[in-house]
Structure formats: C-alpha cells, structure tokens
1. Here are some pairs, Lys52/Lys231; Lys52/Lys118; Lys127/Lys345; Lys231/Lys345; which of them have Cα atoms lying more than 21 Å apart in this structure?
2. Give a residue-ordered list of calculated ³J(HN,Hα) values for the stretch 411-418 (Karplus: 6.51 cos²θ - 1.76 cosθ + 1.60, θ = phi - 60°; whole Hz; x for Gly, Pro).
3. How many nm is it between the label spots at Ser115 and Ser75, if each spot is 7 Å from the Cα in line with the beta carbon?
4. Give me the number: length gained by fully extending His53 to Asp155, i.e. 0.36 nm times residue separation minus the C-alpha to C-alpha distance, one decimal in nm.
5. With every atom except the alpha carbons ignored, what do you get for Rg and Dmax of the stretch 14-73, in angstroms?
6. Would you mind calculating the gained length between Lys298 and Val338 on full extension (0.36 nm times residue separation, minus the Cα-Cα distance), in nm to one decimal?
7. Modelled label-to-label distance, Ser44 and Glu245, 7 Å Cα→beta-carbon offset: nm?
8. Quick one: Debye curve from the alpha-carbon atoms of the stretch 83-131 only, equal weights, vacuum; give me log10 I(q)/I(0) at q = 0.14, 0.18, 0.30, 0.33 Å⁻¹ to two decimals.
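Every number in this text was worked out from the coordinates using simple rules, so none of it is lab data. From a predicted model like this one, the values you see are computed outputs, not experimental measurements. All Cβ positions, glycine included, derive from the backbone under ideal geometry; neighbour counts span all protein chains shown.
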Amino acid sequence: MPELVQPVPLPVPPALQPWIALDVGFEVLLCVRPECRYAVSPRSLSQHLRQKHKANTQLQREVTRYTQQFLTVYSDYDFRTVPLPLRGGLPVPILPVLSGFQCIYCSFTTQSRSSIRKHANQEHHQKGLKDEEICRKVQLQTWFEERRARYWVVDASGRSRDVNNGPSGGSGSGSDNGDDEGAAIKAEIEEWVKKEEEEYKVSTVATEIDPWLQYTGWEKVLAGSKHSLVKTAEFTATATADEPELERLLQSWERIVQRSLGTLAAVSQYKDILKWWASPKNEAASQKPFELPQNHRKTIPRYSQTFGRLLCYVMRAAPEEPGEESETGVVFSAIQWVCIQDIRKILQQPVAEAEGVVVVEAEAEGGAVGGAVAAAAEAVDNQLDNALIGLIISLLAQDTSQLLLYASLVIYYLAIRGVNP
C-alpha cells in the first residue's frame, strides 16, 4: 500500500510575515496584525487585508500569488470546515485566549453567559440555577472571531505549541535554545491572557482624566457590562447575515416606519387636526410631530437605522430569564422583558420569506394552497409588527421620573453610542 505523501510546508514569504502566518499542523492561515490575530480563509485573505488593514496594492498582489500556491498544496477551508485542536491542549500562540464558559453536562462552550444559560435551559431543562451549577469558567480559543466562532478549551498555564510545527509541538531537541524559546512563548501567552482578562475590566475610578467622561458619567455606567467598552459597543451593531432573527426584526421595523410615514402623509392633509395636538394658538396648526424634516429623504433613513440598532441592542442584551443580569449591565423593566419574550417566540415561527417560496410555487400550480400560506405568513408578520410596536412603546413611554438617568434602556444605548443625552 503506497504511503500517504504529506504536503511540504509552504513558507510565508518575508514580505508577508508581518501580516500573515501559517499554522502548519492545521493548515490554517492566520492574520497576525495586532488588532486582528485570527484565521482567514485563503480566498478572502487579500480582501481581508485590503478592507480591514488597508494593505497596499503591491502587498495584495503578493498575497494573491501566495494563496494561489497555498491552494495547490493545501485544501481550501472556511470557518465551518477548518479542523479544531483537541480540547484542553496548549494554546495556539497567535490566537487570543478568551474567557468563557463550558456546560457541565456536555461539551458546549461559549463566551456569553446569556448563551450558556439559554443552552442549559433549552438543552438540559435546567432553569433558575446558579452559574456554577450549570457551567464552569474556562479559557477558550477560536480560529475565527465573532459569529463564525467555534470554540475549544485550552490550558494557557503551560507552554503553547509552535505554529510552525505539528499540533504536538516543536522538534524537541532539548537544547538550551529550545528552552529559551519555550520560556519566551510561555511568557507571551501569559501576557496575552493578562491582557484579555484586563480587557473585560472597565475602570470605575471617579477621577477619570477625561473631563468629558467625568461630565457624562459613562465610565461608571458602562462598568456594569461583562465586556470591554469595544465589545459592549458591538452589541449596538445592525443585524448581519448570521442573525436571521434580527434581520426579520429590522424588516418588521421597516414596515412600521413605512406605515407611520403613510399615516403622516394622510394626516398632513388635514390641518385642523394639527391644531388640536399641541398648538399654542388655536388659529395656527402645530406641525410637530407631524412635520417631516427638510432633508427627510436622507434624515429619516439615518434615524431609522439608528433606532433599528437600538432594537438590535435590546434583543442581544436582554437576559433569558427575568431578574437575570444582562450582558451589558443594562436593566430591563418587567413589561420590556415580557415584550421581548413575545418577540422571541414569534421569531421562532417559520420565516415569512421562506414560506413565500412555497407561495409562488403553489400559485404557479393554480392551487388554493398558496393563498393560505401567504395569509399565514402575513399573519406572522402582523404578530411580529404588533409585538415590536409594544416593545417600542415600552421603551419610549417608560416613566423615568423615579429612575436614575441611565436606568432607561434608550439613554443607556445612547451612552454606548457616545451620544450625550
């Protein structure tokens, strides 16, 4: 039987070494830029360096040539197919070591406390238990970041393995030079771990040097988050392709906006109605809040996007159970939590767009099934719109007279976005 030929390691050219590295053991390309330090798929590496790290054209050409050679030696991969190291092994030096949780009933791992509690609730039917009764704190790594992450547990207390050799480590010559190298790598890992742990601790010192932070009080308020300020700000991002439920929520928000604009256009034709709203003079119509901004074609989409990001933030930060701490430290009222749970239940129903495919096929066949499916899809959308309107009312009509300023979800969101209320 012929022996399997192992691929010859393809060294990274010197010009690219400040940008990328190759993990020979797992055949994975890593971006080594300080602000990144994660894996990148070969076919998207040039684009990644151009868009995220502003690499020049000459560097992009060299990267393209290298990745073409890479794909002749190694297999292509993405975040779904890249192999993972064994759990409990030594860290990959370039990748950051992350603080996270592992389920005590199975191998599920995550960085999110909310996700681990949701997992224990849905998969193991464990509700209302303390954190230590459902999970343990662990150190994690992942090839890819954010929503493409697939975690494995690492032991960062020992020596990290060498990415230039196999998964089991280096050549093991036992020389003094090897010992020095191992000590240097270990020190580097310890420094990374310390940095990652400190990143989750936000200073709450009242004598913050920045007078703007002193004035707004954001430093104290945002210290309640379980994450760094940068990570907390990511909760306010708009929905991505990896978040279909939030995309449905934003579609619902867009329907509400369009219905509101339609109502506005209709009401604006009846000036007498506007006099009854809030006009200081009976003979003059009060245009607010029924008057569109002068540059409304640009202003309304921008305002709509900002409010849509607020809704995404609320859904991401909300706890699974009432009374639980949220991921970012913000407090939800009882009615807000109920509205969020209603929305979550509706979002678990079949997606209207997916049903729309069935509708088209059924109508093409001339059957009556299509109409029924379309009606069902519309009913789900209406339920979602009504539930979302309820949440919006609970956010905007919240009585804050007896609350601290940042107890309001809206004001807390503005603080994360850097808008002084």
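1. In this structure, Lys52/Lys118; Lys231/Lys345 exceed 21 Å between Cα atoms.
2. Running phi through 6.51 cos²θ - 1.76 cosθ + 1.60 with θ = phi - 60° gives 5, 4, 4, 4, 5, 5, 6, x Hz.
3. 2.5 nm
4. Full extension of this stretch gives 33.7 nm more.
5. Here Rg and the maximum Cα pair distance are 10.5, 30 Å.
6. 11.0 nm
7. 2.3 nm
8. Each listed q corresponds, in turn, to -0.43, -0.65, -1.22, -1.37.
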